[in-house]
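I am attaching a structure below and will ask some questions about it afterwards.
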């Protein structure tokens, strides 16, 4: 145990006697990173004790072809007509408190590609390519930049770092915007809500309609308290690393 090849094999299959691939956890400090069939993950560090001592930090995240899987599966496009009332768009999949104590519900919601209507998890997943609920929770922990009419707007920044022995640089940064609607609805575009709407949508500014696939990985890493840029540079790591923050590292507008 302890080699890059062993870590790669565990990412794909899991060690003997454990579930493999999907849902398999890599311990990174006190946080967990979940493996996906479409994602090869190698996370090894001196502070990662689950797989033993590796001496020096190596962090590499390689995206394979295809979409990332999600612990909360995206639902199919909702039915139309009378059947629309039975679609579970009001289902609460997760909740989060923002920094001012606002209680934000992330409902299943829906997304209809034909009408381009929707809200909630389904819209963020199916239209904008944010394929996990953890990035949505992370963005809503940001400082509110400004009200957006009667909604509240939250901003986070997903980053791709490239590190070598001389240090780390940000190769690219994507601004991620989340919208919270605190108003109460019985229905929204004809589908049930039955309370506060919660997450209206989440998307990447400048990417229409889908976020780059690595953005989900970056936000998950940040949600799971992955290593900071200072820690990466101190450890002399080499390779590519994805994370996020609430302040732009490249002067992007909030």
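The values are calculated or read from the model by the stated rules, or taken from the named source; none is laboratory data. As the structure is a prediction and not an experimental result, all values here were calculated from the model. Positions of Cβ are backbone-derived with ideal geometry, glycine not excepted, and every protein chain shown enters the neighbour counts.
Looking at segment 232-248 only, could you name the residues that are at pLDDT below 85 and surrounded by 15 or more Cβ atoms within 10 Å (Cβ to Cβ)?
Applying the first criterion (at pLDDT below 85) to segment 232-248 yields 232-237.
232, 233, 235, 237, listed by residue number.
This table checks each residue for (1) under 20 Å from residue 138 (Cα atoms); (2) in a helix (DSSP H, G or I); (3) at pLDDT 95 or above.
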| site | (1), (2), (3) |
| --- | --- |
| 182 | yes, no, yes |
| 203 | yes, no, yes |
| 220 | yes, yes, yes |
| 225 | yes, no, no |
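Among 96, 170, which is the only one that is touching a strand residue (DSSP E or B) at 6+ places or on another chain (Cβ under 7 Å), buried (at least 19 other Cβ atoms within 10 Å of the Cβ) and part of a strand (DSSP E or B)?
Numbers: 170 fails: buried (at least 19 other Cβ atoms within 10 Å of the Cβ).
Step by step, each of 96, 170 is checked, and only 96 is touching a strand residue (DSSP E or B) at 6+ places or on another chain (Cβ under 7 Å), buried (at least 19 other Cβ atoms within 10 Å of the Cβ) and part of a strand (DSSP E or B).
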